[in-house]
Every structure is written in C-alpha cells, then in structure tokens.
Amino acid sequence: MAEAHQAVAFQFTVTPDGVDFRLSREALKHIYLSGINSWKKRLIRIKNGILRGVYPGSPTSWLAVVMTTVGSSYCNVDISKGLVCYIQRHLPEGYGPYQTPQTRAVVSMAIFSTGVWMTGIFFFRQTLKLLLSYHGWMFEMHGRTSRLTKVWATCVRLLSSGRPMLYSFQTSLPKLPVPSVPATIQRYLESVRPLLDDQKYHRMETLAKEFQDKLAPRLQKYLVFKSWWATNYVSDWWEEYIYLRGRTPLMVNSNYYAMDFVFIRNTDVQAARLGNIVHAMITYRRKLDREDIKPVMALGIVPMCSYQMERMFNTTRIPGKETDVLQHLPESRHVAVYHKGRFFKLWVYEGSTLLKPRDLELQFQRILDDPSPPQPGEERLAALTAGGRVEWAQARQTFFSSGKNKAALDAIERAAFFVALDEESHCYDPENEASLSLYGKALLHGNCYNRWFDKSFTLVAFKNGQLGLNTEHSWADAPIIGHLWEFALGTDTFHLGYTETGHCLGKPNLMLPPPQRLQWDIPERCQAVIESSYQVAKALADDVELYCFQFFPFGKGLIKKCRTSPDAFVQIALQLAHFRDRGKFCLTYEASMTRLFREGRTETVRSCTSESTAFVQAMVQGSHTKAELQNLFRKASEKHQNMYRLAMTGAGIDRHLFCLYVVSKYLGVSSPFLAEVLSEPWRLSTSQTAQFQIQMFDPNKYPNHLGAGGGFGPVADDGYGVSYMIAGENTIFFHVSSKFSSSETNAQRFGNHIRQALLDIADLFQVSKANS
C-alpha cells in the first residue's frame, strides 16, 4: 500500500534511559539536496535580476566601455573630459598595494566607465519606453506602412536586439493610460445606440452627461493619481473585485478549459502520456524560473507583458468568507493526483534531478494500479472547490485547519499543479459531432468532484491518453496557459516521443518510492457539507448545454480573400447568427488584451455596433444588392477592427468605467449612470483562442497538429458563451455554451445559425471551398 512508504526524516522513542533518535539517511539526503536546489534557484534569480536590470546592457558591453576608457588613457586621449582625474582626486586615501597611483587610476576609470554604461542603459531604456508608447503602426492599413512607422520599427529592433530574457522588457513597457472621461462617455453612448430606442437612449444620454459634468471629474482625479503611483491602474482591482471577491462557484462560472491535439494520437497509454506531458511542464517551469523563455512579441518586434506567467505554477486560490486569496509559492517539488476517489502526492524530483518521462509513467501507473478504496468522505472532497466560496471557506477553517486534514490539504494546495486521472475516455471523432461536446463538458466540470478547481490549473488525463486542462481564471488569462500548453504538446510530440508500444522512452527506475497516499479524517458533519457543495455543483453542471463543433468549409485562408480580418469576419457572423436566433441584438463582449502595457490583462470590445447591426438588418431584409451588402460589411469590419485597436492601445470603455465605479465606492458616493452601466448583462460573451505563440513546429508541414481551442460557461443565465479558434488556414472550431434552464437559448441551435451566417457572408464575396 502506498501509505506504508511514507518517508519521515527521523523517529524517536522515549525510554527510561532517555530519548532515542533514529535518523533516516534517505530522507535527510532528500532534505539536503532540496536545500542545495533552493540555493541554486536563489543564485539564478539573483543573476537574472542583475541581467534583467541592466538590459539592454550586458557584462560584455560593460567590459567594452571599460576597455575603451583604459585604452584611450594609454593613448593619451582623455575621453572623460577630466572626470577620471576628478574621481581619482576624490578617492579615499588608504594604505597597501591597492593604493598605488596606477591602481587608483584603474579604479577611477572603472568607476567612470560604469557611470557611462549605466547612463547609456538608462537612456536606451527610456528611449525604448518612449518608442513602445507609439501605437500608430496598429492603425495603418496592411501593406501601407508609413515612413514614420518604418523608422520606428527599425529603432525598436535596434534597442531590443540581443538575447532578452522573459522579463527583460518589463520596466520598458509603458503604463496603461487613463482615457479622458468625455472620450469614454462618447464611445460608451456610441456602443449602446443600436441597442436602445430613442427614448431609452435619450435617458442614458442624460445620465451620462450628468455624470460627466458633476461626479466624473472628482473620480478621474483619484484614478489619474493611482495611474501615477501604481504600475497599472486596472489590474489589481480587476483581479480582486471581478475574480477574488466573487462568491459564486468557480466551476462553469469562472474556470475555463483547453483541449488536446484532436487529429493525432501519440499514444493510448494514459500513464505514458502523462509522463511526457508532466515532464514537459516541469521543464517549462524550470525555464520560467530561469527566465529562459523568449518574450511574446507582437509582429515579432513589440514585446508584450509577461508578468502573468509568474503565478502559473505552485499557485492556489484559497477561499475566504468575503474574498479569496491567491497563494503562490516560490517552489514545489510534487504534483497532487486524483484517481478513483483517492488523493496522492507524487514527487517529480529525485533529489535535485527531475524525474525522466519513463519514471513519471511508472509513478502514474502505480497510482492506476493501486487497489485501495477511498477513505470516508474522500471521494467527493473536491466538490468543496466546485460549490459556493463561503461554504468552502467555512469548511476549510472548521475541518482542515489542523491535524492530518491540514497536512493533506497542504499537499494539494502546495503542489505545482493538480492531475486528474479519469476512468472514462474522450476524444474528437469527426464522424461523431457529439464527441467534441462531450469532451468539452468533461473538461469544463467533469463529475464535479474530480477536478481541484482552486489550483492554477488541473491537468486532466482520460483513460485513452487524451488530455486537457481546466484553468482557474484569476491568476491569468487564456493566452498565458495557452503558451504553456503549446510548449507541452509540442515537446511531447516532437522532442520526447514514445516507443512502438506507446510507452515513454527509456527504462524506469524501479527503486523509486511509490507516490504517497494522502490521509484524511473527515467527520460526518464535513461529509454533509461536501454533499451539499456537490449538489450545488451538480445542478450547475447539469444546467450547462455545451455545443462544440468544427466548421469545415473554410478558415483563415479564404476569409482573407474578403480583405478583412478573420476576427472581424467571425464577430460580424456572430451578430448575424444571434439576430436570427433571438430576433434582436444584445450587448456583446469580446475579450482583447492590453499586454502592450505593463501588467496589462484584458479590455472589452463591444462588438455590437451600429455598423454591424445595419449589415445584419440588410442581410435579413433580403432586398439589398450584393454590392450594397458588401459595402455595409466592409464598414462593419473596419469599425470592429478600429474598436479592437482602441481597446488594445488603452482607449477602451469598460475598464475605465469599472475603475471609476470602484473609486466611487471607496468615496461612498453613488452614480446612477455607473450603477446602470455595471449592471448591464452580457448576453453574448465571446473570445478568440490564441494559437502558435511558440514556434515549436511548422503548422504548414504538420497541418494535423491542431488543438480545438477551449471554452467557458455562459456569462448570463439567458445568454451565450462563444469561444472560437481559427485553426490554421482551413478550419474553425467553435465552443458554444448556454443554460438548459433558459427557454430563450439553445447552444446547438445557435451553433447552426453561426454555421449558416459564415456561409452567407462568404457567399457575398463568392468565397467557397471550391475556389480556394
């Protein structure tokens, strides 16, 4: 049994002769190696901190400046204009061999050179920060780059050359600007105009003007002051008030999922697939700790903020009665595993060495082969993380604050991440459309107690070797976990590989101690709380309708023939589909990123515009010529692209209004305008899944190495959640969610409308698969 092999550092017994200590050499060896590894990581962090702090400078450039100064001195050329002599005169007097005139001269030149070097670094960094504040490149037509932008791009390339580490550009990124109140109000009123009749619009216009003239200037002053003081005026409040203070279940309402490659299967062996993927993930974490990951660059030259990556591993959301807290640890040497109602602690290191994939496969197989039954209350324990946050916080404080329950819970919460070994199989079969939806449902909520929804992410492994992720949202947004997922899948396929029988390469170390079974003592009162949370979670999961499908006729390649952006094409199609589905327009949320700024996260693009509604109405009426419809579509597309660019460059609507609302609450003042804006439901919430952030392989050479993206639950009870991934040149994946309890929505019906809308718009431009 696994619990028989729990390691202890020492044991002692009390005898009449005194206390007899018995030390375990093996355990002490692991403690010693762990300490050595921790010190290595500290030294690496110190080194990286220095290198990051002097970027774009380097020790080599410092040495070059010193050598130049010394060389010019020997050639009797004073490039310091007397500063070296001045420094030499003011050096403290002393005794010994290091106070000779020659030594003092060298020290003076080194001090001068260091000053010049650091001044140059400061100048270059401030220049780069100024250059990165320019966003005119984003608003230029494709293929029509201005001379100014060309010069700007050349300067950025020169200043960001070399080998930057992951966080090298952080201090050079500009701060997110605070938009002016009149500009935000104007854009807001423009966004709601197609949704309101004249009377309601006039009322909203009156509320907005009153807010702008009276309360807004006072709130704006506080917000501008915060923007001067804080790194980002939005992100900390967004994390706290939108995520951590939410009291509803994380499952479905907040967490989202990501799918595996769907067209290829590397192996059917569950433990082997986990061996490779876990090894790849811990390798990624090691690169992350060493900052040995290239920063993500827009257009290959503009760095994006990487701060969200810091909490990818060793992070857990700890429940609280009023607000949750994100617990992030600098290091964790194990993963927590769930299988058939049992929890295990699996070490991923032996001493200071990362276990090889074949050794990890062995450990996962030992868990799969373990016949021990769950302890009382253990099987559905994770349902606490799927239910209400207040109930979980109270239960955690009452039943898990001491003893073996605290020790076992610590093992989960202090793990690098959580692994769920499922007993069912899922995969995508193009001949069985329902297979993708069932796969998505399994990842979104599972059976409500086989995912630890508080962990930064849960790695889900199905019986047939197919994988997926369930990700907690507060610590980062989807592109961040997507970066890890691309690395893990690419490493698994192209670098690690499998034997002909589907096992990991190499020979296992059979001397490894087996994974440790976690021990619980869960009383009946706690079991009742677990059951209550499970019933809440099950009702929520059963209410979710998820319809996932692959759109076959075309993808990004043919959309480009319409001379529009693929994202705008899909968003306008969603507006047409929604109008056909519901007979009306609604407030639409599309997530865009603000990572061009330091600690930027997301901004909202309000995709339902006057231009898109004009196009949709013309399509539905059926009385317009094709040329007229094309013109209306182009106007809608240009409007959407412009709004997306404004959101990315800090000129969005919703984050500014959200922060003004938070300030008003701090000041104890109320605004009818802000209260109404913040209470408006998003009945259509959309997001595009990022892909190919890392060039792990050539997608043209391996066109079948595609994931299907991921999805999330509906934001409004009577609305839709739509996630889509424009997967390469020839296909698009959609994940549509709604609630069965709403008589107005039906995810499959809406999915069919999306299909037809895409085809109808493509037909306007005579775009079809036949002429690709």
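Points to keep in mind about this one:
- Segment 597-631 - residue that is part of a strand (DSSP E or B) and in contact with a Phe, Trp or Tyr (Cβ under 9 Å, 6 or more places away or on another chain) and, of those, farthest from Thr649 (Cα to Cα): Arg606
- Residue count for segment 641-684 under the criterion of being open to solvent by 10 Å² or more (accessible area, probe 1.4 Å), under 24 Å from Ala727 (Cα atoms), in contact (Cβ under 8 Å) with a residue 60 or more places away in the chain and not aromatic (Phe, Trp, Tyr): the result is 4.
- Residues that are open to solvent by 10 Å² or more (accessible area, probe 1.4 Å), outside any strand (DSSP E or B) and closer than 30 Å to Leu362 by Cβ, drawn from segment 315-345: Leu329, Pro330, Glu331, Arg333, Lys340
- Of the residues screened, Gly468 is not one that is more than 22 Å from Ala336 (Cβ to Cβ), crowded, with 24+ Cβ neighbours inside 10 Å and modelled with pLDDT of 95 or more.
- Test: residue in segment 477-500 that is modelled with pLDDT of 95 or more, farther than 22 Å from Ser372 by Cβ, crowded, with 21+ Cβ neighbours inside 10 Å and touching an Asp or Glu at 6+ places or on another chain (Cβ under 6 Å): no
- The one condition in (1) touching a helix residue (DSSP H, G or I) at 6+ places or on another chain (Cβ under 7 Å); (2) modelled with pLDDT of 95 or more; (3) open to solvent by 10 Å² or more (accessible area, probe 1.4 Å) that His624 fails to fulfil: (2)
- When residues of segment 577-588 are limited to those that are in contact (Cβ under 8 Å) with a residue 12 or more places away in the chain and surrounded by fewer than 24 Cβ atoms within 10 Å (Cβ to Cβ), the one nearest to Arg645 (Cα to Cα): Leu587
- Taken together, the residues in segment 171-190 that are in contact with a Ser or Thr (Cβ under 7 Å, 6 or more places away or on another chain) and either of a type outside the set (A, V, I, L, M) or open to solvent by 30 Å² or more (accessible area, probe 1.4 Å) (or both) amount to 3.
- Scanning segment 593-627 for residues that are of a type in the set (Phe, Trp, Tyr) and farther than 25 Å from Gln766 by Cβ yields one hit, Phe597.
- Tally of residues being in contact with a helix residue (DSSP H, G or I) (Cβ under 7 Å, 6 or more places away or on another chain) and farther than 18 Å from Cys305 by Cα across segment 477-493: 4
- Total residues in segment 542-566, condition assigned to a helix (DSSP H, G or I) and either crowded, with 20+ Cβ neighbours inside 10 Å or free of Cβ contacts under 8 Å to residues at least 40 places away in the same chain (or both): 4
- Segment 159-191, residues that are in contact with a strand residue (DSSP E or B) (Cβ under 8 Å, 6 or more places away or on another chain) and part of a helix (DSSP H, G or I): Ser172, Ser191
- Checking Ala416 against (1) open to solvent by less than 50 Å² (accessible area, probe 1.4 Å); (2) touching a Phe, Trp or Tyr at 6+ places or on another chain (Cβ under 9 Å); (3) in a loop (DSSP other than H, G, I, E, B); (4) over 16 Å from Gln327 (Cα atoms), the condition it does not meet: (4)
The values are calculated or read from the model by the stated rules, or taken from the named source; none is laboratory data. Every value quoted in this text rests on a predicted model; they were computed, and no experiment measured them. For neighbour counting, all protein chains shown are included, and Cβ atoms are generated from backbone atoms with ideal geometry for every residue, glycine included. All accessible areas refer to the heavy atoms of the entire protein, side chains included, with ligands and DNA or RNA removed. Shrake-Rupley method; radii C 1.70, N 1.55, O 1.52, S 1.80 Å.
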